[in-house]
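A short reminder: the numbers here are calculations on the coordinates, not readings from a lab. Everything numeric in this text was worked out from a predicted model, so none of it was measured. Here the Cβ positions follow ideal geometry from the backbone for every residue, glycine too, while neighbour counts run over all protein chains shown.
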Amino acid sequence: MNRFHQKIILPVIILAFAFIFAFIRTVQASGPDSGYDQQPTLAIPTVTGTATGPYVIVVSDPDEQINVRSGPGTDYPKIGVLLNRQQAPALGRLPGGTWVKIAYVGTEGGIGWVYAPLTQVYGELPIVEAPPTPTPRVTPTIDPTLASQFVVNVPATRMPTLTPPPQLVIPTFPAENVTTGTGGLPMGFVITGLAVLGFFGLILSLLRRR
């Protein structure tokens, strides 16, 4: 090996050792003993499988949902809904089996009831008693004494009385006798006679000129 090769190999070996040393330092810095990553101090929960036990599955129409009530019956208020094919843990059923008691998170006590014919029950369910019927809502009443203070009595408006007008009296005038200077002859007869006389006079004047 000549001196030229020795000059090339020596820097390559030095660079290789430097790269390996830097890589080791990087791995140590990112390890569990490094101070850059904060390690959790609490236990991390692990995902487990579905707990075994009785459960129900909703079998209503695909576009429908069923009501979850606080008790077995429509007299109890609705506290939520379950969608079609949704699953819920079953806790018990009524003696007749028409309503099923389920675990429903987010409500008081985490308990709800669903109508059994709209679900499919898997597993044996114990017989449970229904909770007390909810107290009916009190219909508010109005104190008549208090209400009378806000009633305003408007007096009836008196309609004006109309006095009929006096009867209209149309005056009558006696017919006047029209007299003419022709001795009582009608004016039309006089005019017609004069016209006839004039016509004859015109004819006589024409005959004389011949």
Margin query: Taking just the alpha carbons, could you work out the radius of gyration and Dmax for the range 55-122, both in angstroms?
Written below: 10.7, 30
Note to self: Full-extension gain between ASP61 and GLU108, please, as 0.36 nm times their residue separation minus the C-alpha to C-alpha distance.
What the structure shows: 14.1 nm
Notebook entry, point to check: Just how large is the dipole of the range 55-122 about the Cα centre, in debye to the nearest 20, putting +1 at every Lys and Arg Cβ and -1 at every Asp and Glu Cβ?
Noted result: 200 debye
Check: GLN87 label point, 7 Å along Cα→Cβ, cut-off 20 Å on backbone N: hits in the range 99-139?
Finding: 100-106, 111-126
Check: Using 7 Å Cα-to-Cβ label points, what is the LEU10/GLU129 separation (nm, one decimal)?
Finding: 9.9 nm
Next item on the list: Note down the nm distance, to one decimal, between modelled labels 7 Å out along Cα→Cβ at LEU168 and at ASP75.
Entry: 8.0 nm
